[in-house]
Structure formats: C-alpha cells, structure tokens
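The values are calculated or read from the model by the stated rules, or taken from the named source; none is laboratory data. Here the structure is a predicted model, which is why all the values come from computation and not from measurement. Here the Cβ positions follow ideal geometry from the backbone for every residue, glycine too, while neighbour counts run over all protein chains shown. To get the accessible areas, we keep the full protein, side chains included, count just its heavy atoms, and leave off ligands, DNA and RNA. Shrake-Rupley method; radii C 1.70, N 1.55, O 1.52, S 1.80 Å.
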Amino acid sequence: MVERALELSANDGCVVLVDEGSTANLRFAGNTLTTNGVARSSRLTVISVAGQGVGVVSRSAVRADQLADVVAAADRAAREAQPAEDARPLVEAGPASPGWDDAVRPTDIGVFEGFAPALGEAFSAAEAGGRRLYGFAEHSLTSTFLGTSTGVRLRHDQPTGRLELNAKSADLKRSAWTGVSTPDFTDVDVAALDSSLARRLEWAKTRVDLPAGRYETLLPPSAVADLMIYLFWSAGARDALDGRSVFSKAGGGTRVGEQLATLPITLSSDPGAGGVSCAPFVTAHASSRESSVFDNGLPLAPTDWIRDGRLESLLQTRYSAELSGLPVTPGIDNLLVSGPAQGARSLEEMIASTRRGLLVTCLWYIRAVDPQTLLVTGLTRDGVYLVEDGEVVGEVNNFRFNESPVDLLGRVTEVGAAERTLPREWNDYFQRTVMPPMRVPDFNMSTVSQAS
C-alpha cells in the first residue's frame, strides 16, 4: 500500500504512513472474567507536498480500490493549501528497516497464556480474603510503515501492554488500585500485585480525617509519571519562544540552561531503553506546534530534557530549531526519570524513614490551571495513607491538590529507585515510563475532596 500510494502521487513530494494495529483484552469484575476479545485496525495517512503547500488525508480501513482516491485527495489539498510555515525538504533516505516488507503478525488472545491462569488464582485468593478484584488487561501491537518519495523505507513494530487492577472490600467501602506496563505480559506477577492491594485494604480499616494543607508526601512512581508526562507534553519550544509556557524566559527566548531542581534529577527519553523501547524515527501524521510532517523519518536519539536538574532540551522540529537556535530534538514516545546514582531507596524504605507524612497511591483528573507556571490541579484516588514513625497507621480522606511539576522538582528532597510503571491518568495515551518514587516536603493538598 505504501509503495503503490507513492507511485500514484503526482505532486512534488509524498509521505505515506500505514499503521496496522491489533489488540487483545480481558476484562473482569467481582473476581470473575466478564469479557474478552480481539480487534484489528488499519490507518492510511497520505501527506502530499506541492511547492510549500501540504495536504494530509487520513483514512481507516482503506481498500486497494480506494487508494487512488485517497492519494488524489491529498494531492489536491496540497495544491490548494497556503504555504506551510514548517515546510522543509523531506528527509533523505537512509538504510531501510530490516523486515520492511515482512508480513504483519498481529497480537492475539494467546498473549495471556501465562497471565490468565495467574489471574484466576488471584481471583480465588481474593475471594478467600473477602475482597473483590476489578480491572482489565490489554495488549496491542502496532506495525507502522513509513515511506517517502525521497526513498525512506522505515518500519517499527510496537508492542504495548497494560494491566489495571482495583481491589475493593466486600462492602465496597474500601478501594485500592495498582497498574503495570508490560511489553508482553510474561513479566507480570499477579500474585504480588494482589498481595499489595490486600495490604492496603487492611491499612484502610483505620480511618483518619485530615484537613487541607501542605504535607510531607511520598509520591509513588505512578503518580510521578503522571506529573512528569504533563511536564513533557508542555515542553514545546514554540510555546516557550512565544512566551506561552513555563519554559519561556522573561524578556524573550527559552529557559534552556536554567537550573530547575536542586537535586541531580534527569528527565530523558531513549528509543532503545530496555522494557520501554519505542520507534527510533519520527512518525508525524499531522503538523502541530511540537511536530512536523516534513520531519517524518528523522532518526531519534537518546535525549536529556532535564539533566542533573538543568533544563537541557525542549520539543523541537527542524522549523522551531531554526527559530530557537537550539538542536533538533523531536518528541520520543517514552520517558525516564532518575535521581542521584548512589543510595536510591525503594518506596518501602522511604516509608520506613518517614516520621510523619502522607503516602499517595495515584493522581487523577489532572487539569491545567496556569500554563505560565504549569500549575495543575487534580484529585487523589484509591488510597491516601498516613505514615507515622515509619509505619502506615491508616487511610486518610482524599484531597484536591494544586501543584506545578516544574516547581515541585525544585522542592523534592528525595528521589528513590526508578522502576517501570504505569501512569494512572495518562495511560490511554502514554504508557512507556520508568519513574522513581519522590519525597516532597510540602505537597499542596489544597482542599478536602468528597470523592471516595
């Protein structure tokens, strides 16, 4: 389909993307499997270039006899378009990806072959323990093919898996959540996850009501992921140059080079990172302030966004890099955070060293309040616990919080050992993260939430 579409285009240049997707899922409630299923999808995107005009047409499930009409529509849109401000020569060809024309092998329900029996055992253990498990397991495999009129022929096969597991007491008054990201479900320890949920339901038998205020707070990797993803999404160079973001410099320019954190915290992306690897080249289905269709096929390399607490890079296209004078650093589909190399402790060890503070399970319903400071608001959910003298003594009411991930980095007093994790709020869109737990001495729980 890619090769034929390129042949059909009559304009100056053409980029074709084909995404062949497949998913398999299990859903369960009350210690019982409720549904399972598989699905297939296909999307064709034709990006036609006429002079400096560009036309983009994207369609799902395109048949061979419909291909010419899609290409013609993209060609026509390019000829009628105004000059694109991000117009640049298409990326020149490098070596083709191995297996460029190999058949797509979709995922199927067999991906759960080892996981499903373990899930069944967890159902039995939960039933015996007087708790109920709810949630879903989902695995997807997307094969992306990218071809251009300049000879680029690239392919990437992306496996993605996630498990969300929620445990409730028999009376449904106590709730605890956990989730994991996995490429293939062979590394998911369901029994350990269920055991951790059972322990938290026990903690919740004691209720402690606390007022709003600033508390020393332990954020687990999942909550850190949700905050750092929002920071990453907000790190576009164009917005910074235009004075529209927290990364804008007073008087003009960007804050690249400024120290944001006192601890040596590094926020980075790496297409080849173990367990969270992703496409090593740009795939842009449409242009935006952070991406450009003209950059399709640009190679991606390990990139530090923040290095040892210093703002190092922003999301850059070739166009924005010319405006900013900074290197071209396109977005990458994973995110990793690390702290000091020595002495990083586990979350359990951080709890044991806490005199008095809050342990948060996860964050939810995160929304922007002020882009200039990156102030966001959101809610805690499925378990906030009070820690006293190194022990969890009970569950606390939920809170609404107001925090800026950027400001928070400057106040963090401890960064634990990083691990692969699943963000709670953003896992529909971004799942490949490696995050540590963090200790914040004065996390702003702005109001008490009635959510339960």
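A few points about this structure:
- Flag if residue 78 is at pLDDT 95 or above, more than 30 Å from residue 169 (Cβ to Cβ), crowded, with 20+ Cβ neighbours inside 10 Å and over 32 Å from the mean Cα position of the chain (by Cα): yes
- Flag for residue 336 being within 25 Å of residue 303 (Cα to Cα) and open to solvent by 10 Å² or more (accessible area, probe 1.4 Å): yes
- Subset of segment 1-23 [within 21 Å of residue 52 (Cβ to Cβ) and open to solvent by less than 10 Å² (accessible area, probe 1.4 Å)]: 13, 14, 15, 16, 17
- The condition of being charged (D, E, K, R), closer than 22 Å to residue 226 by Cβ and either part of a helix (DSSP H, G or I) or open to solvent by less than 30 Å² (accessible area, probe 1.4 Å) (or both) holds for only one of 162, 199, that being 162.
- Within segment 261-278, considering residues that are in a loop (DSSP other than H, G, I, E, B) and open to solvent by less than 20 Å² (accessible area, probe 1.4 Å), the one farthest from residue 45 (Cα to Cα): 261
- Failed criterion for residue 26 (all others in (1) open to solvent by 30 Å² or more (accessible area, probe 1.4 Å); (2) over 15 Å from residue 144 (Cα atoms); (3) under 29 Å from the mean Cα position of the chain (by Cα) hold): (1)
- Strands (runs of 3 or more DSSP E) within segment 336-443 that include 2 or more residues closer than 30 Å to residue 273 by Cα and among the hydroxyl-bearing types (Ser, Thr, Tyr): 356-370
- Only a single criterion out of (1) touching a Gly at 6+ places or on another chain (Cβ under 9 Å); (2) assigned to a strand (DSSP E or B) is not satisfied by residue 37, namely (1).
- One residue alone among 62, 38, 56, 18 is within 30 Å of residue 320 (Cα to Cα), of a type in the set (Val, Ile, Thr), out of contact with any Phe, Trp or Tyr (no Cβ under 7 Å at 6 or more places or on another chain) and in contact (Cβ under 8 Å) with a residue 40 or more places away in the chain, and that residue is 56.
- Screening the candidates 386, 409, 374 for the property of being within 25 Å of residue 341 (Cα to Cα) and hydrophobic (A, V, I, L, M, F, W, C) yields one hit, 409.
- Considering 97, 60, 48, the condition of being touching a strand residue (DSSP E or B) at 6+ places or on another chain (Cβ under 9 Å) and surrounded by fewer than 15 Cβ atoms within 10 Å (Cβ to Cβ) is satisfied by 60 alone.
- For residue 250, the conditions (1) in contact with a strand residue (DSSP E or B) (Cβ under 9 Å, 6 or more places away or on another chain); (2) part of a loop (DSSP other than H, G, I, E, B); (3) aliphatic (A, V, I, L, M) all hold with the exception of (1).
- Candidates 154, 90, filtered to the one that is in contact with a Ser or Thr (Cβ under 6 Å, 6 or more places away or on another chain), crowded, with 21+ Cβ neighbours inside 10 Å and assigned to a loop (DSSP other than H, G, I, E, B): 90
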